[in-house]
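Report on one structure; see the data block that follows.
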DNA sequence: ATAGGGTTAG
């Protein structure tokens, strides 16, 4: 509502004091100025909502709101201050509206997060026959992005064509972004490729989208192409490129990007710095991550959580937990993600009592409500420790919705401890939730296999065949001399395949001498039966380690990136190799790292 | 007169 100030009150109010400089310009008119410029300047110099309302009242009294320029400015200022109710009431009272007024109103709703009304107002624009302009469109498109409303997004894209509107950089970038965030990256890319030229924001949107959907390689290719076309990246672009490197887990690329950032002298703000912490950690170097962390002048809850998580997934649980009180002392409050990171750190290192304590204190002491992710960490923590009953009790008593991650954690624990009955319960829930995920079938069949229940193994495999599900083979990457090499189970495509298998053979012989017995339970049924006999000793990560021994320079750690869970056999294998070859081996297994050094693993073999 | 893209878990 408009502030019910009387004119007489108004004239003596702060408004006068704050705008004496304006008064000087048009002194003779004040306070009954009829110069629109006067009111526009007054609106621009408002510093809070009260002042805006005062100018509003003044303009009303002097009849200046009939002037569209003044009215539009007032509307705009209201939306700038997110006073969306005031804006809308005023908008409703306007006798005359042009496309500017409509744009501002649509944009105001979007800025305030009122997407319903944003799109509602946009529909009114269309219905009232006003041609939506290139200012209105991006707002409406962003509302679709933010609500992941692909259907409406497509309709608006269509409208652009139907009205024969010019697809300028702003509109096109908004549509590309909308498609990408709605998960149809192909459509985003199609439009992106059709654009005659793309500005920095459009490039950034596309780079970020590819990394987000798991094609980080393409992100880096686009980054190069962007620069070839003469577009100069800014800090936001660099954040998305750093994000892509983190996804890729490629240390070589990470260093190149870091060098580029230093060369171009981008300052490390919280966001870029935090992205770099994450990048180094996910590329296997926890030390470089910490270095960046220490250099950051400003740290927010995201930076702290990223560092805590990094220690956690590198198997340094204690360091992760020690960081928490330091964070609190610096005045940062933890959020849900901080607690996921802390609990995850506990589960990777086997800190059971600490985990329990944190889990119960998060709500009690920090008013952060545990969600399914926190329960999942606890199930993982308790389950790995063999406390399957306690894990199940937690699941049975929880009030938040159970998801596949939760059952997956329980199933994983059952696999380690050979708990068939519970495994079946977990697997059933999983298959109910995701009947088309082949991974669940493989896990269940592995559990049956370990228990020697071959007829059940056959049944699960039969079910997979029936449902036409195929396990996609896992890949392992290793960086050697700044090049990435890729291996799959039983792989023979690598040019140095012969050397690799020879090294593997020598290694196996040496390992057998120190008592290594390959554990074949873990490898069953990951690939077709006919391959089974041949793959027992040739997991993708074993191939990568062997290649690391053949290819890397002496003394360098062997860094390996996997996209699946490292199996028990490969874990044992890596430990022993690190001892007999006297080389550090870093393995990224899905989302945790194992540092093997002198026959031991950073996770303390609690995994 | 008006406009955009970025960080942590799983």
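Tabulated results
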quantity	calculated
Options A:355, A:405, A:383: the member that is surrounded by 15 or more Cβ atoms within 10 Å (Cβ to Cβ), assigned to a helix (DSSP H, G or I), under 22 Å from the mean Cα position of the chain (by Cα) and at negative phi	A:405
Only one of A:249, A:214 that is more than 10 Å from DNA strand B (Cβ to nearest atom), under 29 Å from residue A:558 (Cβ atoms) and in contact (Cβ under 8 Å) with a residue 60 or more places away in the chain	A:249
Neighbours by Cβ (under 9 Å, 6+ apart or cross-chain): first from segment A:590-601, over 22 Å from residue A:412 (Cβ atoms); second in a strand (DSSP E or B)	A:597/A:585
Residues being in contact with a helix residue (DSSP H, G or I) (Cβ under 9 Å, 6 or more places away or on another chain) and assigned to a helix (DSSP H, G or I) - total across segment A:127-151	13
Any hit, segment A:208-215, residues being out of contact with any helix residue (DSSP H, G or I) (no Cβ under 7 Å at 6 or more places or on another chain) and closer than 19 Å to residue A:260 by Cα	no
Test: residue in segment A:257-271 that is closer than 28 Å to residue A:595 by Cβ and buried (at least 23 other Cβ atoms within 10 Å of the Cβ)	no
Candidate set: segment A:576-592, residues that are surrounded by 20 or more Cβ atoms within 10 Å (Cβ to Cβ) and either assigned to a loop (DSSP other than H, G, I, E, B) or touching a strand residue (DSSP E or B) at 6+ places or on another chain (Cβ under 6 Å) (or both); chosen: the one modelled with the lowest pLDDT	A:589
Number of positions in segment A:173-182 that are assigned to a helix (DSSP H, G or I) and more than 10 Å from DNA strand B (Cβ to nearest atom)	2
Qualifying positions in segment A:342-377 - touching a residue at least 40 places away in the same chain (Cβ under 8 Å) and either over 22 Å from residue A:408 (Cα atoms) or away from DNA strand B (no atom under 12 Å from the Cβ) (or both)	A:349, A:350
Identity of the residue in segment A:320-341, closer than 10 Å to residue A:301 by Cβ and in a loop (DSSP other than H, G, I, E, B), that ends up nearest to DNA strand B (Cβ to nearest atom)	A:335
Residue identified as under 29 Å from the mean Cα position of the chain (by Cα) and either at positive phi or within 13 Å of DNA strand B (Cβ to nearest atom) (or both) among A:156, A:141	A:141
Check on residue A:305, within 14 Å of DNA strand B (Cβ to nearest atom), modelled with pLDDT of 95 or more, more than 29 Å from residue A:486 (Cα to Cα) and in a loop (DSSP other than H, G, I, E, B)	no
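Every residue, every condition in (1) closer than 20 Å to residue A:276 by Cβ; (2) modelled with pLDDT of 95 or more; (3) surrounded by fewer than 18 Cβ atoms within 10 Å (Cβ to Cβ); (4) within 12 Å of DNA strand B (Cβ to nearest atom), yes or no:
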| residue | (1), (2), (3), (4) |
| --- | --- |
| A:184 | no, yes, yes, no |
| A:189 | no, yes, no, no |
| A:197 | no, no, yes, yes |
| A:202 | no, yes, no, yes |
| A:220 | yes, yes, no, no |
| A:229 | no, yes, yes, no |
| A:234 | yes, yes, yes, yes |
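Rundown of residues vs (1) more than 14 Å from DNA strand B (Cβ to nearest atom); (2) modelled with pLDDT under 95; (3) over 30 Å from residue A:354 (Cα atoms), yes/no style:
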site	(1), (2), (3)
A:245	no, no, yes
A:290	yes, no, no
A:293	no, no, no
A:301	no, no, no
A:318	yes, no, no
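The values are calculated or read from the model by the stated rules, or taken from the named source; none is laboratory data. These numbers come from a predicted model, not from an experiment. Neighbour counts run over all protein chains shown; Cβ positions are idealised from the backbone, glycine included.
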